[in-house]
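Here the structure is laid out as structure tokens; the discussion comes afterwards.
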Amino acid sequence: MIKEFRDFIMRGNVLDLAVGVIVGGAFTSVVTSLTKNLINPIISMFVGKADLSGLYFTLFNAKFKYGNFLNDVINFLIVAFVVFLLVKAVNRIMPAKKSDVTTVSKEELLLTQIRDLLQNSK
């Protein structure tokens with residue numbers, strides 16, 4: 001069982017996933033810092049508050065913290081944009097592999113069978 005576990009962990013895709021999770025965690029802290037320290041001050045020039053997490057409204061004794069939501073949306077948009085740029089760069093560097101399997105239409109298949117039958121009948 002230990003050998004099977006070791007083989008499972010040492011597979012390439014599991015290691016790639018682990019590296020991705022670790023780098024993603026580090027990237028999240030960088031994006032959070034970018035939002036908190038650079039983007040929020042720019043937004044505060046228009047909103048009037050440097051910390052968006054303090055924005056809220058109260059309705060029937062319920063506190064709705066829409067500032068936290070705005071911070072999360074900004075973080076998401078930054079991450080999504082960076083991932084978009086990363087995928088675009090990788091696609092430019094590494095063109096998609098063409099599949100060795102070609103699709104054959106029914107018409108081509110029938111014509112091939114007819115050709116083979118004619119060749120065998122000679």
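The values are calculated or read from the model by the stated rules, or taken from the named source; none is laboratory data. In this text the structure is predicted, and so the values were computed from the model without any measurement. Here Cβ is always computed from backbone atoms with ideal geometry, including for glycine, and neighbour counts include all displayed protein chains. Keep in mind that these areas ignore ligands, DNA and RNA; they rest on the heavy atoms of the full protein, side chains included. Shrake-Rupley method; radii C 1.70, N 1.55, O 1.52, S 1.80 Å.
Applying the condition of being of a type in the set (Asp, Glu) and open to solvent by less than 90 Å² (accessible area, probe 1.4 Å) to region 1-53 and asking which residue is modelled with the lowest pLDDT yields 51.
Within region 25-43, which residues are of a type in the set (Gly, Ala, Ser) and under 12 Å from residue 71 (Cα atoms)?
Listed by number, the list holds a single entry, 33.
For residue 19, state whether it is touching a helix residue (DSSP H, G or I) at 6+ places or on another chain (Cβ under 7 Å), in a helix (DSSP H, G or I) and more than 28 Å from residue 69 (Cα to Cα).
Numbers: touching a helix residue (DSSP H, G or I) at 6+ places or on another chain (Cβ under 7 Å): no; in a helix (DSSP H, G or I): yes; more than 28 Å from residue 69 (Cα to Cα): yes.
For residue 19, the condition - touching a helix residue (DSSP H, G or I) at 6+ places or on another chain (Cβ under 7 Å), in a helix (DSSP H, G or I) and more than 28 Å from residue 69 (Cα to Cα) - is not met.
Within 31 Å of the chain's Cα centre (by Cα) and modelled with pLDDT of 80 or more: is that true of residue 96 in this structure?
Details: within 31 Å of the chain's Cα centre (by Cα): yes; modelled with pLDDT of 80 or more: no.
Considered against the rule, which asks whether it is within 31 Å of the chain's Cα centre (by Cα) and modelled with pLDDT of 80 or more, residue 96 comes out as no.
Taking the conditions exactly as written (under 21 Å from residue 34 (Cβ atoms), among the basic types (Lys, Arg), modelled with pLDDT of 80 or more and out of contact with any Pro (no Cβ under 9 Å at 6 or more places or on another chain)), does residue 88 satisfy them or not?
Details: under 21 Å from residue 34 (Cβ atoms): yes; among the basic types (Lys, Arg): yes; modelled with pLDDT of 80 or more: yes; out of contact with any Pro (no Cβ under 9 Å at 6 or more places or on another chain): yes.
When the stated conditions are applied, residue 88 passes them.
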